Amino acid sequence: MRALVLGGAGAVCKETTRDLAATSDFEEIVVADGNLEAVTKLIGEIGDDRLKPLSFDADDFDGMLNLFPGFDIVVNGLPFKYDLAVTKACVEVGVSGLDLSSEDSQFSLHDEAAKKNITFVPGVGATPGTTNMMVAHASKRLDRMDEVSIAFAAFRALAPAPGLLTTTIWEFDPEEEERQEVYFENGAWHPSPPLSGEKSIRFHDLIGEQLVYFVPHEENYTLPESYPGLRKVSVRGCFPPEVMEIMGALLRGGMLARSPIQLNEQTVPAIEVARALLWQIPTFKDTTVWAYGLVVDVSGESDGTSVHLRYRNQHPSQEDWGGHSAYFKNVGIPMSIGAQMIAKGEVAEPGVLAPELAFLPEPFFQALSERGIMIEHSTEETAAA
């Protein structure tokens, strides 16, 4: 079997490439990226003859249609703005795939993908991804799920790569359209501005206790569709304290607005000026602690008793896991696991599926643990229902 890894030498997806080389039985793994020099360097570091370099233009949709049919699975590690295009190309040519994030329009291709007997799974990273599998595990332990509260702490630099800077800005953008549907409650999605819904969450010891805030992550949309009995779903998150401080100041100062400002005789949206500054300042390329924390709380009923389940991840420190990799492995490894499960036919059915419907949680957690990412869970019976 042959795998195509798009953006396979990028900051996140290079960890997917590394894991595919270390753990998969693909006969060939083509690493496609716009930066061929980075691909060649990565392949040299890994030293696996199955890895082949390919120069790839993510803006060339016809090129995708010509390239994809030669592969058994497409692993999409490109920035999220390419998610829909990659999904469309996969469905059109009849090749299975997956990516790190998702948008609603991808799921509109479900019926066509099912007819072609292929599977595409959007959102197989840390959050979404591992968090969805935590909820899937809870759904098997509870007779009824009522509420899901997801929290993440993405401890990385503010701007380690262009795509990740875009993600940072997206989570603080006050004019982002998805801010109109931030959390789900009582049958509807509700708006919420950046830095709202403050809550204190204790993550694993590498991160500790942090304040988290509402973000419009994909779990807010897929989980209520997958589990119609849910009354409430929310996702809150944070970055390291210094990133939260900087982005909060830019937000309050109006620097993340889309209103135009005059700069060197040009009219430029304020948010684009902020983006350019953040990318060019070296300080924002690094941080003290690289790690990823996840805490998922699920409440519901089991055998007539109200039950609260808490899921928490653990992973090796940056000293043991290679510095920046202590963050990126938590995102890139789940996509490698998902790709291998799809390739082996270990998915529920064909179509465009959310992670919680595509994969069984137990083998997914087992695969994570084999790589050093542990998923712990605890149970608290709160009262007779």
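Just so you know, all these numbers are worked out from the coordinates, no wet-lab data involved. No experiment lies behind these values; they were computed from the predicted model shown. All Cβ positions, glycine included, derive from the backbone under ideal geometry; neighbour counts span all protein chains shown.
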Can you put 121, 273, 95 in order, fewest other beta carbons within 10 Å first?
-> 273, 95, 121
Distance in nm between pseudo-label sites at residue 376 and residue 111 (7 Å out along the Cβ direction from Cα) | 4.7 nm
Positive minus negative residues near residue 70 (Lys, Arg vs Asp, Glu; Cβ under 12 Å) | 0
Please figure out what share of the DSSP beta bridges in the chain is antiparallel and state it in percent, rounded to the nearest 5.
-> 60 percent
What is the distance, in nm, between label points placed 7 Å from the Cα along the Cα-to-Cβ direction at residue 320 and at residue 267?
-> 5.6 nm
Could you line up 295, 235 from fewest to most neighbouring Cβ atoms inside 10 Å?
-> 295, 235
Label residue 362 and residue 62 with points 7 Å out from Cα along Cα→Cβ: what is the distance between them in nm?
-> 5.0 nm
Translational diffusion coefficient, Stokes-Einstein: compute it for the range 124-204 using the Kirkwood radius over C-alpha pairs as Rh, at 20 °C and 1.002 mPa s, and state it as an integer in µm² s⁻¹.
-> 142 µm²/s
Average Cα contact separation per residue, the range 131-207, under 8 Å, 6 or more apart, as relative contact order % | 20 percent
Sorted from fewest to most neighbouring beta carbons within 10 Å, what does the list 1, 244, 335, 341 look like?
-> 1, 244, 341, 335
Find the relative contact order for the range 258-385 and round it to a whole percent, using C-alpha pairs within less than 8 Å whose residues are 6+ positions apart.
-> 28 percent
Under a 5 Å amide H to amide H cut-off, with H placed in plane at 1.01 Å, what residues pair with residue 306 once short-range neighbours are removed?
-> 382, 383, 384, 385
How much net charge surrounds residue 311 when only other residues with a Cβ under 9 Å from its Cβ are counted (Lys, Arg +1; Asp, Glu -1)?
-> 0
Residue list for the range 136-164, given a label point 7 angstrom along the Cα-to-Cβ vector of residue 202 and an amide N cut-off under 17 Å | 151-153
Under the definition of Cα pairs under 8 Å and six or more residues apart, what whole-number percent is the relative contact order of the chain?
-> 21 percent
Take the Cα atoms of the range 1-72, build their convex hull, and give its volume per residue in Å³.
-> 75 Å³
What is the local net charge at residue 49, summed over the other residues whose Cβ is closer than 11 Å to its Cβ (Lys, Arg +1; Asp, Glu -1)?
-> -1
